[in-house]
Structure formats: C-alpha cells, structure tokens
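Visitor: One structure coming up, written as structure tokens, with questions to follow.
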Amino acid sequence: MIDLKDFEFDELAEYLKSIGEPKFRAEQIFSWLHKGVESFDEMTNISKMVREKLAEECFVSTLKIREKYVSKLDKTTKYLFELPDGNCIESVVMYYKHGITICISSQVGCRMGCGFCASTIGGLYRSLTPGEILNQVIFAEKDIGERISNIVMMGIGEPLDNFDNVVKFLHNVNHPKGLNIGYRHISLSTCGVVPMIYELAKQDMPITLSVSLHAPNDEIRSSLMPINRKYHIDELIQACRDYIKVTTRRISFEYSLISGVNDSIENADELAQLLKGMLAHVNLIPVNKIEEREYKKGDKKQIRAFCDRLISHGINATIRRELGSDIQASCGQLRKKLL
Ligand code: SAH
C-alpha cells in the first residue's frame, strides 16, 4: 500500500494521472493530506468513486499521540508519537517570539553513537519515510491548533543518514499547496556526514545547516563522536566552507559544553582558531545529563566565560536558552524509557 504523503507533489500528480485522474486532483488531495485528514472520507470535495479508487492501493498515514507533556515553565510540548508499526519517535513544540517551532525526528533510533546522546543508545531501528517525518508537523499542528512556522531537524536520528527521504519531506513541507514553510525557516542538524553535506549544498534549498561540532580538535571530537574517526575535523570544516560558498547561508555550529571535557578557555581559543573568518554562529548548549552517561554540565560561570572568550576572538556565539527542562524535552530521553 502506498502512503500518499511519501509522494512529492509531481509524483502524486503522475500517480493520479496513471489511474485516470486529472491534474487538479493532485492539488486537492495534496492539500487535504497536509491539513491532517485521517482518511479519504474526510476529503469532501473528492467524489466517493475516486475515494474508493484511491483506497484500493493507497492509504492516509497518521501518527498516534502516545504520550504528551506540557511544560509548566514555558509551554514547551513534548510528544511521544507512535508509528503504525508500533515504534515510537519524539517531537517537541517550542513557543518562541518569532513563531512556533517544532523539533522533529528523522529516524527511529540512530547509529551514529555519540557518547553523550540518549537517542543512539539502542542503535538504529529504521529510517522514517517522508510521510512519517511530515506527520510530526501535521499532527502536532492539529493538536495545538496553531500554525507551526519553523522546523528544526534536531530530534532523534541523523537526517543525513536518511538523505533521500529527508529531501522529499523538505520539498513537500515547503510546497505552497502543503504547509508552505519557507526553507529559511527550516534547520537541519548533522553530526557531520561529510559527503552528504556536499550533496545537500547541491539541492538548491536555502535551509540552515547546523553542525554538531562539540569539540575544537580531532582528539576530543573522536572521543565523543565516532563519526569523527571517519571524517576528521578538517574535512568537516572544508565541507562547511563549501556549503557556505554554494548556498551563501550562515552555518550554525552546535557545541555542547561538557565539564572538564571540552569547556576550557584553551578549547575556546582553539575553536575560535578553527572557525576564524567563517560565516558562522556558535550555539553553546549546556550538556543535558542522561542517566547512562557520566558527562556533566559545567557551571554557568564557566559557560559564560567560554562564550565571552569566543566573542573576544570575533566569533559570533550565544548560549542556548533551555526550554522544557521540567519535561525531559531533550531528544531521545522519552523514547529511551520504552526500550
Ligand atoms: N543527528 C543530528 C541531529 C540530532 S541531535 C546531529 O547530530 O546533529 C540534536 C543536537 O543535540 C545535536 O547537536 C546533538 O549533538 C545534541 N545533543 C545530543 N545529546 C545531547 C545532550 N545530552 N546534551 C546536549 N546536547 C545533546
């Protein structure tokens, strides 16, 4: 059976043509799908005959809210969504002044093995389909009853390890007949799958690339992130420079500060050296403690000092505000409890 949300718009039009339907039908159906209908019967401007024909080969996929937590501090809402096969993923809705942002997952689990991350603990189960990625936005929006204007692909999984499905999803979520979310309102975060950064640069989609750097040199980075043993920092930075050149978009570097591991003033100096002259922004994140690991958050003063040191070198840096700290909103923590 075909999940119609796995088709890009043109593919949907092509498919409908193959079953004898006119072109305008694609616009109608595409639009219904993105409004969060849960069956063909809800597509009220499509005749019963056409709906029955569609149901022979296709279905409308949905996501079930298995658990939902709303932060009392800042309204941040965390969903544990259940997929049709019983697997679970997490999405988080955050309320910012500039609009409502959703953080979504790209895979069930992750095979990247970063030492501080909860999402990778059980390994990778499977990648999400384009429709499953999109459904997180659709069904969260339906649940909160407000428009989501920004997307960050920073939930469970490595988006560049599910490249084709992620690109399809991005095309669909950006489509004017769908949710129409501008590429500039979308960020994609990667641990640094270098060949795919070059591929992404070729896609002609001006999304913001976030790179999880977390270390200023290979020694520290390889100890935290296995991917660094495959693609060293110099190759990663080269790929980032290429991305900036091709897209003219600023890159955002994520740097989780782990006490005694990567948060010294020398580390800040080395990081500044590495990023000097780049169109970049450094997002400093106090590491979130996860039960299985001994990594610790540094104190506020140390984090401030690290940030100030970067700024003194002319690097654009900020400390990320923590949202939803009362509901374990950081990725992977909720799903992991089920494993
Ligand atoms: N696989 C992608 C996206 C998912 S993780 C990536 O690696 O970028 C989203 C961000 O959260 C990444 O920057 C990741 O390194 C970071 N992260 C994971 N676990 C964390 C933790 N315990 N504390 C702080 N940041 C963490």
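Visitor: So how many residues does the range 188-200 have that are in a helix (DSSP H, G or I), within 22 Å of residue 270 (Cα to Cα) and either modelled with pLDDT under 95 or in contact with a strand residue (DSSP E or B) (Cβ under 8 Å, 6 or more places away or on another chain) (or both)? Please lay out each step first, then the result.
Guide: Of all residues in the range 188-200, those in a helix (DSSP H, G or I) come to 194-200.
Checking the rest, the ones that are also within 22 Å of residue 270 (Cα to Cα) come to 194.
Now narrow it down to the ones that are either modelled with pLDDT under 95 or in contact with a strand residue (DSSP E or B) (Cβ under 8 Å, 6 or more places away or on another chain) (or both): none.
Total satisfying the criteria: 0.
Visitor: Same structure, new question: From the list 221, 229, 184, pick out the single residue that is touching a strand residue (DSSP E or B) at 6+ places or on another chain (Cβ under 9 Å) and not β-branched (Val, Ile, Thr).
Guide: 184
Visitor: Shifting gears a bit: Among the residues of the range 201-242, write down those that are touching a helix residue (DSSP H, G or I) at 6+ places or on another chain (Cβ under 7 Å) and either over 24 Å from residue 267 (Cβ atoms) or polar (S, T, N, Q) (or both).
Guide: Those that are touching a helix residue (DSSP H, G or I) at 6+ places or on another chain (Cβ under 7 Å) and either over 24 Å from residue 267 (Cβ atoms) or polar (S, T, N, Q) (or both): 201, 203, 205, 206, 207, 217, 222, 228, 242.
Visitor: When the range 56-68 is examined, which residues are found to be more than 18 Å from residue 36 (Cβ to Cβ) and either out of contact with any strand residue (DSSP E or B) (no Cβ under 8 Å at 6 or more places or on another chain) or crowded, with 17+ Cβ neighbours inside 10 Å (or both)?
Guide: Within the range 56-68, 56 is the sole residue that qualifies.
Visitor: Can you find, within the range 154-171, the residue that is farthest from the ligand (Cβ to nearest atom) among those that are among the β-branched types (Val, Ile, Thr) and crowded, with 20+ Cβ neighbours inside 10 Å?
Guide: This residue is 166.
Visitor: Considering only residues of the range 273-313 that are under 16 Å from residue 241 (Cβ atoms) and not in a loop (DSSP other than H, G, I, E, B), which is farthest from the ligand (Cβ to nearest atom)?
Guide: 273
Visitor: Next up: Does any residue of the range 229-246 turn out to be within 19 Å of the chain's Cα centre (by Cα) and assigned to a strand (DSSP E or B)?
Guide: Taking every residue of the range 229-246 in turn, none turns out to be within 19 Å of the chain's Cα centre (by Cα) and assigned to a strand (DSSP E or B).
Visitor: Yes or no: the range 17-31 includes at least one residue that is in a loop (DSSP other than H, G, I, E, B), within 20 Å of the chain's Cα centre (by Cα) and either without any contact (Cβ under 8 Å) to a residue 40 or more places away in the chain or closer than 20 Å to residue 169 by Cα (or both).
Guide: Taking the range 17-31 first, the residues in a loop (DSSP other than H, G, I, E, B) are 19-23.
Imposing the further condition that a residue be within 20 Å of the chain's Cα centre (by Cα) reduces the set to none.
No, the conditions are met nowhere in the range 17-31.
Visitor: Could you please give the count of residues in the range 90-112 that are more than 10 Å from the ligand (Cβ to nearest atom) and among the small types (Gly, Ala, Ser)?
Guide: 3
Visitor: A follow-up question, please. Of (1) of a type outside the set (A, V, I, L, M, F, W, C); (2) assigned to a loop (DSSP other than H, G, I, E, B); (3) under 22 Å from residue 133 (Cα atoms), residue 44 satisfies all except one. Which?
Guide: Condition not satisfied by residue 44: (3).
Visitor: Have a look at 174, 150 and point out the one that is open to solvent by 10 Å² or more (accessible area, probe 1.4 Å), within 16 Å of the ligand (Cβ to nearest atom), touching a helix residue (DSSP H, G or I) at 6+ places or on another chain (Cβ under 8 Å) and over 20 Å from residue 126 (Cβ atoms). Walk me through how you get there before you give the answer.
Guide: Values: 174 fails: within 16 Å of the ligand (Cβ to nearest atom).
Going through 174, 150 in turn, the sole match is 150.
Visitor: Suppose the filter is at pLDDT below 95 and either of a type in the set (Lys, Arg) or open to solvent by 10 Å² or more (accessible area, probe 1.4 Å) (or both); does residue 234 pass it?
Guide: Taking the combined requirement at face value, the residue does not satisfy it.
Visitor: Here are the criteria: (1) open to solvent by less than 20 Å² (accessible area, probe 1.4 Å); (2) at pLDDT 95 or above. Tell me which single one residue 115 does not satisfy.
Guide: (2)
Visitor: On to the next question. Search the range 207-232 for residues that are without any contact (Cβ under 8 Å) to a residue 40 or more places away in the chain and within 16 Å of residue 256 (Cα to Cα) and pair each with any residue that is within 9 Å of the ligand (Cβ to nearest atom) and not small (Gly, Ala, Ser) when their beta-carbon atoms are under 8 Å apart and the residues are at least 6 apart or on different chains.
Guide: Close Cβ pairs (under 8 Å, with a partner that is within 9 Å of the ligand (Cβ to nearest atom) and not small (Gly, Ala, Ser)) amount to 221/213; 221/214.
Visitor: Another one. Counting only residues that are within 18 Å of residue 230 (Cβ to Cβ), among the hydrophobic types (A, V, I, L, M, F, W, C) and in contact with an Asp or Glu (Cβ under 7 Å, 6 or more places away or on another chain), which one in the range 177-209 is nearest to the ligand (Cβ to nearest atom)?
Guide: Among them, the one singled out is 191.
Visitor: Check off (1) away from the ligand (no atom under 13 Å from the Cβ); (2) open to solvent by less than 40 Å² (accessible area, probe 1.4 Å); (3) closer than 20 Å to residue 251 by Cα; (4) over 13 Å from the mean Cα position of the chain (by Cα) for residue 139 and give me the number that stays unchecked.
Guide: All conditions are met except number (3).
Visitor: A further question on this structure: Say we look at the range 21-40 and pick out the residues that are crowded, with 18+ Cβ neighbours inside 10 Å, of a type in the set (A, V, I, L, M, F, W, C) and out of contact with any Phe, Trp or Tyr (no Cβ under 8 Å at 6 or more places or on another chain); which of these is farthest from residue 177 (Cα to Cα)?
Guide: This residue is 40.
Visitor: Within the range 187-199, can you find the residues that are closer than 28 Å to residue 35 by Cα and surrounded by 19 or more Cβ atoms within 10 Å (Cβ to Cβ)?
Guide: 188, 189
The values are calculated or read from the model by the stated rules, or taken from the named source; none is laboratory data. Predicted model only: the values in this text are computed from it and were never measured. No Cβ is skipped: glycine too gets one built from the backbone with ideal geometry, and neighbour counts run over all protein chains shown. Heavy atoms of the whole protein, side chains included, go into the accessibility calculation; ligands, DNA and RNA do not. Shrake-Rupley method; radii C 1.70, N 1.55, O 1.52, S 1.80 Å.
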